[in-house]
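Trainee: I'd like to ask some things about the structure below.
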Amino acid sequence: MDFFGFPRPDGSVGARNHVLVLPGGYVADRICDLVAGVSTVRRANPGMDQTPRDRATVARTLVGLGRNPNVAAVIVHDGGLTSDYPEFAADALAAAIAASGKPVEVVKVAQAGGTLEAATRGAKVARLLVREASRLRRERFGLDKLCLSLKCGWSDPTSGIAGNPVVGYLYDRVVDAGGTALFGETVEIIGAEHILARRAATPAVGEAILAAADAVEREALRLGVDIRNVNPVPANKEAGITTLEEKSLGALYKSGTRPIQGVLAYGERPPAPGLYFVDNSPMPMSTYPGYAAAGSQLSLWQLGGGGIPNISVLHASPAPLMPLAWLTANPNTYERCRGSVDFYSGTVIEGTESVAQAGERLVQLVAEIASGTLAYSETLNYVEQADFYNLDRVF
């Protein structure tokens, strides 16, 4: 199975061809308003008054977004609120992104003569970068050039029975082809982390998986919360999931069956192809930006939804720079959300397909979306505000 993508100087392949403006804010928004083909990442936490650990996470994520294979070129400006911190200096961010070989331009407010002038200057630069990016043509590549990511949400029994196993089949296919697959949501391995750790490629990776789960549970206890009493959430329970362990066992299927090569921090790039666990949050507004920063070109959301009778998927994508495909194995969810859900795997429960047969359909869909077919979420002309996964309070 092949797909058609845009080759990048660092050897990666883009499923899309964005010009990205960082770090967001007024200058970035005005450039996006004026110039077609330009994107930015609208963030809820600007990095101000954060701990050094969290500022390092924000900086790593910004650089990772700039280096994402779906980005052809980048404009970095210093008009954001974070510019006084050395790790957010425009020149430092630009140099780190430019190491990938892609074009990077810096726009400085003071040199331009003010914020409005910087936005105007940025728009002029963006037009040139967009035009050059438009000269690129898609070429044929194998699945070894794909980096996928995913999360599950509103989980119900159909998720563990069919939806997640079908995604796991896709993950096995991509990893076997030499590609990269990322999964995470640390809260949702608790109770089954010992099973996941058995799939670790090395004892050290297994210990890191167990440590990640233990750290989340200890932090919850420090705050006076028994995580097993707050998760599963009410929608999960209404749909038929009774315990966190039960939810975690179903969630593990989405990672497939291959050895786990490492545990990554939020926004960290994998050092080599393979399957990786990402120590992140289940919140989509922060999960997807971290995956994009890690190099994912395409992401999935495996949806249950049985406990939410009025659910409708039709809303903006929280996945910056990446196409996001919605999947479900729940027939009621699929019926309510036609025109929003890209893939249905309830056929496994209905007995008309095996996991492998549905999985091959999903491989085909992923190849099509990576080649330029729009996911339903991409047809909405709105991008949801992103958040970055920080661990400390703001001071």
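No lab work stands behind these numbers, since they all come straight from the coordinates. In this text the structure is predicted, and so the values were computed from the model without any measurement. Note that each Cβ is placed from the backbone with ideal geometry, even for glycine, and that neighbours are counted across all protein chains shown.
Trainee: With contacts defined as alpha carbon pairs under 8 Å and 6 or more residues apart, what's the relative contact order of the range 1-71 in percent?
Mentor: Computed value for the range 1-71: 38 percent relative contact order.
Trainee: So, in nm, how far is label residue 84 from label residue 195 when the simple model puts each one 7 Å beyond its Cα toward the Cβ?
Mentor: Calculated label separation equals 5.1 nm.
Trainee: Tell me, in nm to one decimal, what length is gained between residue 139 and residue 332 on full extension, where the rule is 0.36 nm per residue of separation less the Cα-Cα distance?
Mentor: Stretched out fully, the residue 139 to residue 332 stretch lengthens by 65.6 nm.
Trainee: Could you state, as a whole-number percent, how many of the C-alpha pairs of the chain are farther apart than 34 Å?
Mentor: 27
Trainee: Please state, rounded to one decimal and in Å, the Kirkwood hydrodynamic radius that the range 18-135 gives when every pair of distinct Cα atoms enters the mean of 1/r.
Mentor: 13.9
Trainee: Under 20 Å Cα-Cα from residue 108, which lysines qualify once same-chain neighbours fewer than 8 residues away are excluded?
Mentor: 124
Trainee: For the range 69-135, what does the relative contact order come out to in percent, with C-alpha contacts under 8 Å and a separation of six or more?
Mentor: 34
Trainee: Among 255, 39, which comes first, second and so on when ranked by fewest other beta-carbon atoms within 10 Å?
Mentor: 39, 255
Trainee: Test of understanding: ordering 342, 226 by Cβ neighbours within 10 Å, fewest first, what list do you get?
Mentor: Placing the least packed residue first, the sequence is 226, 342.
Trainee: Based on the alpha-carbon set only, what is the convex hull volume of the range 130-217 divided per residue, in Å³?
Mentor: Spelled out: Cα convex hull of the range 130-217, divided by residues, is 172 Å³.
Trainee: Given all pairs of different Cα atoms, what value in angstroms does the Kirkwood hydrodynamic radius of the range 13-56 take?
Mentor: After inverting the mean inverse Cα-Cα distance, the result is 12.1 Å.
Trainee: A further question follows. With each pseudo-label sitting 7 Å past Cα toward Cβ, what's the residue 283-residue 392 distance in nm, one decimal?
Mentor: Simple spin-label model gives 1.8 nm for this pair.
Trainee: Please rank 291, 276, fewest neighbouring Cβ atoms within 10 Å first, as an exposure proxy.
Mentor: 276, 291
Trainee: OK, next. Students often forget the sequence filter, so: which lysines lie under 17 Å Cα-Cα from residue 151 once same-chain residues fewer than 8 apart are removed?
Mentor: The qualifying lysines are 247, 254.
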